[in-house]
1. If every alpha-carbon in the stretch 359-470 counts as one equal scatterer, what log10 I(q)/I(0) does Debye give at q = 0.17, 0.18, 0.20, 0.24 1/Å?
2. Can you tell me the 0 to 90 degree angle between the C-alpha axis of helix 257-269 and the longest principal axis of the chain, rounded to 10?
3. What ranking do 209-218, 395-404 get when scored by the average of other Cβ atoms within 10 Å per residue, highest first?
4. Can you give the FRET efficiency for Lys467 and Asp384, using 1/(1 + (r/R0)^6), R0 = 25 Å, r = Cβ-Cβ distance, to the nearest 0.05?
5. Taking θ as phi - 60°, what are the ³J(HN,Hα) couplings along the stretch 282-295 by the Karplus curve (6.51, -1.76, 1.60), each to the nearest whole Hz, with x for Gly and Pro?
6. Note down the nm distance, to one decimal, between modelled labels 7 Å out along Cα→Cβ at Asn398 and at Asn192.
7. For Gln272 and Leu290 in the same chain, what is the full-extension length gain: residue separation times 0.36 nm, less their Cα-Cα distance, in nm?
8. Among all the aspartates and glutamates, which ones have a C-alpha under 17 Å from Lys211's C-alpha, if same-chain residues fewer than 8 places away are not counted?
Amino acid sequence: MHNATKNSIAVSTEEEATLAVSNLDLGVANPYLELHLLLADGSEAWLSFSQKTICLRDAFPEGKGWEAQVADETVRFVAEATSQTGSWQGHPLREVVLNPGECLEIGATRIWLVDARRPEMASLDSHEGLETPRHWPLRPQAYRIGRRTNSRHNHVEIPHPTVSRAHATLLPAENGRFALLAESGTNPTAVNGRKLEANEVVLLHHGDLLKLGDVSLRFRQTGNEAAGKKVLSVKSMGGFQLQWGELVLTETAWKVEKSRWLLARLAWAWGQPVSADLIMEMLWPELPALRGRKNLSQCLISLKQTLQLDDDEEELILRSPSSLQLNPSMLADHDAYLVAKLAEGSEPAGWSKALDLYQGPYLPGNFEEWAEVVRQTLHALALDCAVKLAGHHSKQANWEAALQAAQKGLKLDPCHEGLAMLLMETALQASRYDLAVRCYESVRKHLQSELSVEPNTDLLRLYHRAKLEI
């Protein structure tokens, strides 16, 4: 027995001996970007870019033939022709470039690109009901919560039979906070012991206790908002207003208009670098590069004075020789940025939130070309949200919600015949014949006055059906 013990100790000592490093190259392709994988079995994995290329077949079977190639602040995913097709924002593909915060699906595996420099805004931690403790970091996007299902991809998957497949959704709110939308009409959703009705939305606070079925989750506001640090909030829809800490600036507070548009352009990128040459071309297209760079420096000084930035404060605006960007760790929310992100998603709750955030045209006082491009883009995205949301509710036979979504869309574009058709068809299903008639008459008036055309024959047919029922 004594000899056996000595032998076992000797083997253990040999196994624990320190080995020489096999690769002395300690460099990394990008020390901050990493891939967060949610695998088919519910487990998670994190991959860092020690090399410029990651072969995904080493992480999960469906990743065979897929590579992730890092370049600056983005990652390009590309697959061989025989590989399984991926999906990005609902579109099948074999090649896509992701920005931090975006997600790619390959088979049953979801892959998020994460920038480690961006702190999580909040988090959910399992409290009671789950055998294995879970932590979900939250960044400014919508998070669907529910049990794993093939019909909907949940960001927060809770493996418990009392949690519905579509139980709730976390929605980004103002100042980096989150709101909880209760979706399940069968199993309860509660906040601090108060049961929420289906489709009820409540603003969450640091430390709130959420209960979904028999599972309890603790919500923590872990970003700058909970720590009391200054963060930047920007509103660009229907006007321009920002809040920096306790300082609130409206459109009339800016002494130098160029500094206002500089901040607006940086806010549209929302933590991503913007080329200094692009900014100079945007603000001073008629000036040579040297003069433009001098004006840019003066504009930055004016901007810092307007925001009352102290020299000893952490930099809100990060500047390199070739680019500028807002400091990602000091950003709370931006309505225009959230409209774009939510509109491009596949979650009806996100489309609804995007419509609520769309309070008017983007930067209505800015007539520069870049602003007009963004304005048209956001307007088109908001219209698309109205169409998708109305169609979604119509398929669910939720006639009132479908009508409200279509009406919101027609306020944005009174000549949109597709939305008018959706509204009239839904109104007929709901026996709201008078509403269908009024919709046709309104669309016809706008088409005649703005485009000098008549409504299409499909709308006319619906109109006559509605008239016969009155």
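The values are calculated or read from the model by the stated rules, or taken from the named source; none is laboratory data. This is a predicted model, so every value here is computed, not measured. When we count neighbours, we look across all protein chains shown, and the Cβ atoms used for this are built from the backbone with ideal geometry, even at glycine. Note: accessible area is taken over every heavy atom of the protein model, side chains too, but ligands, DNA and RNA are not part of it. Shrake-Rupley method; radii C 1.70, N 1.55, O 1.52, S 1.80 Å.
1. -0.81, -0.88, -1.01, -1.25
2. It works out to around 60 degrees.
3. 209-218, 395-404
4. 0.25
5. Calculated HN-Hα couplings, in order: 6, 8, 9, x, 8, 9, x, 4, 5, 5, x, 5, 5, 4 Hz.
6. Calculated label separation equals 2.7 nm.
7. Numbers: separation 18, 0.36 × 18 = 6.48 nm, distance 2.44 nm.
Full extension of this stretch gives 4.0 nm more.
8. Counting by Cα, and skipping residues close in sequence, Lys211 has these aspartates and glutamates nearby: Asp125, Glu128, Glu131, Glu157, Glu183, Glu197, Glu200.
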